[in-house]
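Asks: Take a look at this one; I'll ask things after.
The values are calculated or read from the model by the stated rules, or taken from the named source; none is laboratory data. On a predicted model such as this, the values are computed, not experimentally measured, just so you know. Cβ atoms come from the backbone with ideal geometry, glycine included; neighbour counts cover every protein chain shown.
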Amino acid sequence: MNNSQDVLIQSTYPLAGTLTIPEERRDTYPAVLIIAGTGKSDRDGNMKKVKFNIYKELADFLNKEGFATLRYDKRGTHQSGGDYFATGLYDLIDDAVQCVKFLENNAKVNKKQIYILGHSEGALIAPAVSKKNPVAGLILLAGAAEPSADLLPRQNEMAYQEMNQTKGFKGWLFRALKVTEKSRKQNAKIFEKILQSNKEVMRIKGMKINAKWVRETLSYNVNEFLEEVTCPVLAITGDKDIQVPPEHAKLIVEKVRGESEGHIIPDMNHIFRKYNKQHAILSLMKEYKAQQNQPIDENLLDIMSVWLQKRKTE
């Protein structure tokens, strides 16, 4: 049995997390900080109606590999303090830096062997975190290698294209009501309002929006940080990932300055599950919900294991 304990990380607001120490007895352990993807999932990777357990499963795997792990609830979510909707991207970066410092100050952790594992948005901000507080290595899962101002609109455009290509009565309805054109115009107006405002939180059409996060994300260019990374990097994406272009795993390798390797795993999607059907961005959550009880792709774990054990013995 590994040793898990609830911990409180001091940042601008207290962050609630879980620190897990491996079963094997050692004076100190290499450690991995897990930074979650976008949204309000908890430290285990679960949301209100869906239990993915992505980060808990990754933590369990890492513990078996002999690594201590720290995962945490993001600012303003679950047991952590602060206001989620008033939290910007750079607040998330600062919080992750404090989590690295927390590990550095733990007597059980080897300060020279602290790694960051970031998923999706976590992979986007991990290079910025490592610039502020250098670490021994980065594992970037489903990470992008382009400005967010290019990435986010493309995701919206994929949804619009699917609307136009939808068959049957539903497709006819989309076209008859000009849903695509209306959605595109409406979203453009919303983004324009957000970009012209300096409010942290906005309410548009009755919907509460984390405006500060939107502005900071759209102005964020991960490449600026990737180009300064000198520590070892492992970049992995599945070729069935529809949220991030799979080839970006290879682009990351080209951009960083340290020792690096990139992998594109066949038939793996954004939540690290095997998926060999046709994708549809409009029914993505339905796809993910259907897979919540499936295990993480073994290929992902195998690649990570080889990379981590090599680092552990260096």
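Asks: Can you confirm whether residue 49 is surrounded by fewer than 21 Cβ atoms within 10 Å (Cβ to Cβ) and either in the same structural domain as residue 107 (by TED's automatic domain parsing) or of a type in the set (Val, Ile, Thr) (or both)?
Replies: Details: surrounded by fewer than 21 Cβ atoms within 10 Å (Cβ to Cβ): yes; either in the same structural domain as residue 107 (by TED's automatic domain parsing) or of a type in the set (Val, Ile, Thr) (or both): yes.
Spelling it out, residue 49 is indeed surrounded by fewer than 21 Cβ atoms within 10 Å (Cβ to Cβ) and either in the same structural domain as residue 107 (by TED's automatic domain parsing) or of a type in the set (Val, Ile, Thr) (or both).
Asks: Given the residues 247, 254, 224, which is the only one that is among the acidic types (Asp, Glu), more than 16 Å from residue 151 (Cβ to Cβ) and at pLDDT 95 or above?
Replies: None of the others qualify; the one that does is 254.
Asks: Collect the residues in segment 219-242 that are buried (at least 18 other Cβ atoms within 10 Å of the Cβ) and over 19 Å from residue 116 (Cα atoms), keeping them in residue-number order.
Replies: If the condition is that a residue be buried (at least 18 other Cβ atoms within 10 Å of the Cβ) and over 19 Å from residue 116 (Cα atoms), then 220, 238, 240, 241 are the ones that fit.
Asks: Filter segment 285-303 for residues that are closer than 23 Å to residue 39 by Cβ and assigned to a helix (DSSP H, G or I); which is modelled with the highest pLDDT?
Replies: Among those residues, the one meeting the criterion is 300.
Asks: Quick test for you: out of 181, 162, pick the one residue that is among the acidic types (Asp, Glu), in a helix (DSSP H, G or I), surrounded by 15 or more Cβ atoms within 10 Å (Cβ to Cβ) and modelled with pLDDT under 70.
Replies: On the way: 181 fails: surrounded by 15 or more Cβ atoms within 10 Å (Cβ to Cβ).
On inspection, the qualifying residue turns out to be 162.
Asks: Could I ask something else about it? Is it the case that residue 149 is under 12 Å from the mean Cα position of the chain (by Cα) and either modelled with pLDDT under 95 or among the small types (Gly, Ala, Ser) (or both)?
Replies: no
Asks: Name the residues in segment 187-219 that are β-branched (Val, Ile, Thr) and under 25 Å from the mean Cα position of the chain (by Cα), would you? I'd like the intermediate steps shown before the answer.
Replies: In the first step, residues of segment 187-219 are kept if they are β-branched (Val, Ile, Thr); the result is 190, 194, 201, 204, 209, 214, 217.
Answer for segment 187-219, where residues must be β-branched (Val, Ile, Thr) and under 25 Å from the mean Cα position of the chain (by Cα): 190, 194, 201, 209, 214, 217.
Asks: Now for a separate question. Applying the selection to segment 67-111, what residues are of a type in the set (A, V, I, L, M, F, W, C), out of contact with any strand residue (DSSP E or B) (no Cβ under 6 Å at 6 or more places or on another chain) and in a loop (DSSP other than H, G, I, E, B)?
Replies: Residue satisfying the conditions is 107 alone.
Asks: Moving on to the next point. For residues that are without any contact (Cβ under 8 Å) to a residue 60 or more places away in the chain and among the polar types (S, T, N, Q), scanning just segment 9-45, find the one that is farthest from residue 65 (Cα to Cα).
Replies: Per the criteria, the residue is 41.
Asks: Taking the residues in segment 253-274 that are of a type in the set (Gly, Ala, Ser) and part of a strand (DSSP E or B) as candidates, determine which candidate is nearest to the chain's Cα centre (by Cα).
Replies: It comes out as 262.
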